Ligand SMILES: NC(=O)c1ccc[n+]([C@@H]2O[C@H](COP(=O)([O-])OP(=O)(O)OC[C@H]3O[C@@H](n4cnc5c(N)ncnc54)[C@H](O)[C@@H]3O)[C@@H](O)[C@H]2O)c1
């Protein structure tokens, strides 16, 4: 207990802030977390990627929407521009190395730098349900390609932040999408090894693991089973599923300078789904 009065002044001296803590906190609320940052978000044409692109823009970032479906991607770019944000569409398939190299070159050409990469793209529901290798390709090879393309400018800048979007599937056994689970597990492992290797360049690599999140990919599942979200909410400690904005908020933190000492971390954003098994709860 008695350590606190000593600790607080030493924390203040670390932040170098002349403001009292409450005033500092109020002042910080007005600061946009991504001012002057340049971010690439893959699969940003809908769902979680779209929410991330919009949130980053609202926080001041210039965003490159890297999306295989150009019409979808264009809608998001228009959405951001109509809110006075800066956004560009780069239609590309993240599994194609040359297209991703062109994505990085385009970003550098248009915006001069690349501070943030979010690897969010995922294959179609059919590929996920069919345990197709295409899912491994989009999730793992796609992320790898994008990381390789942005590493040279990030190394030159000696700064960068990569957030890989994994899944609760990587943290607990959830069938029957085994290839999807394998891909999402692999992305957790490679995030850690990259964090270890590139920390010396001040490049951070982190992962978020969302739980069930209402996005367009779920629409055919909900049509076939109208109670699917109700059923999934029952096994989640918070008693509900997520919306895409909640996943975007966690991504914003990890991508931003607010997480400047966070690398190699795995953040579950799953309402407590992977925290334990409710079957053991005493009624
Ligand atoms: N929705 C959930 O319940 C949930 C849960 C856990 C994790 N996630 C993860 O969050 C991420 C986003 O999920 P979502 O629900 O928004 O998915 P979504 O299907 O709604 O969006 C994915 C986007 O990626 C694009 N895409 C597909 N292949 C691509 C490629 N080769 N190159 C570029 N873009 C491509 C699609 O066109 C689409 O716009 C995924 O990585 C997913 O695994 C989602």
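Observations on the model:
- Hey, residue 176 modelled with pLDDT of 95 or more, out of contact with any strand residue (DSSP E or B) (no Cβ under 7 Å at 6 or more places or on another chain) and more than 9 Å from the ligand (Cβ to nearest atom) or not: no
- Being within 14 Å of the ligand (Cβ to nearest atom), in contact (Cβ under 8 Å) with a residue 60 or more places away in the chain, surrounded by 21 or more Cβ atoms within 10 Å (Cβ to Cβ) and under 19 Å from residue 250 (Cβ atoms) is a description that applies to residue 208.
- Those residues of the stretch 56-112 which are in a helix (DSSP H, G or I), surrounded by 20 or more Cβ atoms within 10 Å (Cβ to Cβ) and in contact with a strand residue (DSSP E or B) (Cβ under 7 Å, 6 or more places away or on another chain), in sequence order: 56, 57, 73, 76, 77, 80, 103, 107
The values are calculated or read from the model by the stated rules, or taken from the named source; none is laboratory data. Note that this is a predicted model, so its numbers are computed, not measured. Cβ coordinates were reconstructed from backbone atoms using ideal geometry, including for glycine residues, and neighbour counts include every protein chain displayed.
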